[in-house]
Amino acid sequence: MSGPRHLRPPEGNVPSSPSEPPAGETGAGRRLLLATVIAVAAVVVDQLTKSWAVRRLSHGDIHVVWKLDLELTYNSGASFGLGRGWAPVIGGAAVAAVVLLLSAVRRVRSDALTVALGLVIGGALGNLTDRVVGNHHGAVVDFIALHFWPTFNVADSCVVVGAVTAAIIVSRRNPASSPNPDAQNTAAGAAPEEALSDGGGPP
């Protein structure tokens, strides 16, 4: 008499281990980590350059080339000197924007878009750091002067580059141009029927 037989489940239906997170959660966590690394790097570079600007440019401006000068200014408004005198409101808006962007990172499917959002988050946090913990009465340190554009800093640059990059990536995703799998399957199934109706089938 033979012993008990152990049936193997069919391939493809093997249940996943309870300890393994779903693939979607793993991807969302990886993208959140990527955005966090980019944001932290942006904040570090921004704060280092601002610290250098306060120490060095307090003794005088530096002419770099053509219209580019390094001039120390303090901005109580938003990026590029907009909204002066609205520091508390702008700070609150920056916090809300960072929270919304962090939640959006978990839903994106592109590493490039994740990097772009990380730059925006880092730029917002860089200027928010100046307002909250900086010793400048809620003002932001600006020092890059082009003279045909408001004076700005590295954080402003990160916000602009990240926002423009994100807009380009999103605009290139045109759902109308992507093939519809349901439409392709319908067309593939209809082709043999049309061939039979036209007399193209077997005699």
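Read-outs throughout are calculated quantities, based only on the coordinates presented, and are distinct from any laboratory measurement. Quick caveat, the model's predicted, so the values are computed rather than measured. Neighbour counts run over all protein chains shown; Cβ positions are idealised from the backbone, glycine included.
Put one equal scatterer on each alpha carbon of the range 33-173, apply the Debye formula with no solvent term, and list log10 I(q)/I(0) at q = 0.17 1/Å to two decimals.
Results for the range 33-173 at q = 0.17 Å⁻¹ read -0.92.
Taking 0.36 nm per residue of separation and subtracting the Cα-Cα distance, what length does fully extending Ile168 through His63 add?
34.5 nm
Among residues other than Arg30 whose Cβ falls under 11 Å from its Cβ, what is the net charge (Lys/Arg +1, Asp/Glu -1)? Intermediate values should be presented prior to the final figure.
Values: positive: Arg31, Arg106; negative: Glu25, Asp111.
With Lys, Arg at +1 and Asp, Glu at -1, the neighbours total 0.
Which one, Gln47, Leu113, Gly77, is farthest towards the positive end of the dipole of the range 33-173 when Lys and Arg carry +1 and Asp and Glu -1 on their Cβ?
Selected residue: Leu113.
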